[in-house]
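Single-structure report; data block below.
The values are calculated or read from the model by the stated rules, or taken from the named source; none is laboratory data. What you see is a predicted model; the values in this text were computed from it and never measured. All Cβ positions, glycine included, derive from the backbone under ideal geometry; neighbour counts span all protein chains shown.
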Amino acid sequence: MDKLYVLIAGTGVTSRANLEALVEDYFYAKNKEAVLLLAFDKTPSQGQIFAAQYAKDKGKDVVIFCQEGANLTSFPTASFTNSKSPTLDALKNYPEATVMLLWDDSDANCLSALEFCKENDIKAFNLCEGLTVVSVSVAKEEPIEEPEAPSKPVQLEVAFEGLPEAVKAKIEDVVVAAARAAVQDALKKL
């Protein structure tokens, strides 16, 4: 039976139940013997520990790429490879591996893995968002030009001149309600 290699890297946060469900579905959908590859510098992420525990519970092999002196106490029975660039070395040594990232756009390992994947036409999947394909651009974006400030500042007092107090109060109520709704909508998205 062919082996299926799955690389998990990154420090993004997801629940144990989510990670196990996604990994299990992937392992069994492919109907191959699975080997879990983990790559981190010095300390594994919580999601990587969950994945390793799950793999061990299911009798899967675990291969770890990490820097010398890394904290390996969570992995008593895995195979280890010391590396200065664990994520890139894992990708280079297992080019056939499916790449699953615990996506965090501030994690250098996620960004370097995604860059490698894009350069080599490999899909990288986001374990934090249901194995969606990671589509964040790692290229430096062009700076956005700021619009020029108006030469004269707009003053609300001028716009309100001549309006009755009741109309001013109504406008203020509408603006406050719109601002409150926008804040509540933004909080829901967090």
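Of the residues examined, Val35 is not one that is touching a helix residue (DSSP H, G or I) at 6+ places or on another chain (Cβ under 7 Å) and among the β-branched types (Val, Ile, Thr).
Set side by side, the residues Asp121, Asp104 differ, and just one is touching a Cys at 6+ places or on another chain (Cβ under 8 Å) and not in a helix (DSSP H, G or I), which is Asp104.
In the set (1) charged (D, E, K, R); (2) in a loop (DSSP other than H, G, I, E, B); (3) under 23 Å from Lys118 (Cα atoms); (4) over 20 Å from the mean Cα position of the chain (by Cα), the condition left unmet by Glu68 is number (3). Restricting to the stretch 6-20, count the residues that are in a strand (DSSP E or B) and within 13 Å of the chain's Cα centre (by Cα). Residues that pass the stated criteria total 2.
Residues that are over 18 Å from Tyr26 (Cβ atoms), among the hydroxyl-bearing types (Ser, Thr, Tyr) and loosely packed, with under 14 Cβ neighbours inside 10 Å do occur in the stretch 94-115, at least one of them. When Ser112 is tested against (1) at pLDDT below 95; (2) part of a helix (DSSP H, G or I); (3) in contact with a Phe, Trp or Tyr (Cβ under 7 Å, 6 or more places away or on another chain); (4) over 24 Å from Ala17 (Cα atoms), exactly one condition is not met: (3). Cβ-Cβ distance below 6 Å, separation of 6 or more or different chains: which pairs start in the stretch 73-84 with a residue that is assigned to a strand (DSSP E or B) and end on one that is modelled with pLDDT of 90 or more? If the second residue must be modelled with pLDDT of 90 or more, the pairs left are Ser79/Val63; Phe80/Ile64; Thr81/Phe65; Asn82/Glu68. For the stretch 24-38, the candidate set comprises residues that are more than 19 Å from the chain's Cα centre (by Cα) and part of a helix (DSSP H, G or I); within that set, the residue that is surrounded by the fewest Cβ atoms within 10 Å (Cβ to Cβ) is Ala29.
Tell me whether the stretch 39-55 contains one or more residues that are under 21 Å from Glu129 (Cβ atoms), assigned to a strand (DSSP E or B) and either in contact with a helix residue (DSSP H, G or I) (Cβ under 8 Å, 6 or more places away or on another chain) or modelled with pLDDT of 95 or more (or both). Yes - at least one qualifying residue is present in the stretch 39-55. Only residues that are touching a strand residue (DSSP E or B) at 6+ places or on another chain (Cβ under 8 Å) and among the small types (Gly, Ala, Ser): list them for the stretch 1-58, please. If the condition is that a residue be touching a strand residue (DSSP E or B) at 6+ places or on another chain (Cβ under 8 Å) and among the small types (Gly, Ala, Ser), then Ala9, Gly10, Gly12, Ala34, Ala39, Gly47, Ala51, Ala52, Ala55 are the ones that fit. Against the list (1) closer than 17 Å to Gly10 by Cα; (2) of a type outside the set (Lys, Arg); (3) buried (at least 16 other Cβ atoms within 10 Å of the Cβ), the condition Gly130 fails is (3). Out of curiosity, is Pro147 modelled with pLDDT under 65, exposed (fewer than 10 other Cβ atoms within 10 Å of the Cβ) and not assigned by TED's automatic domain parsing to the domain that holds Lys42? So Pro147 passes the test.
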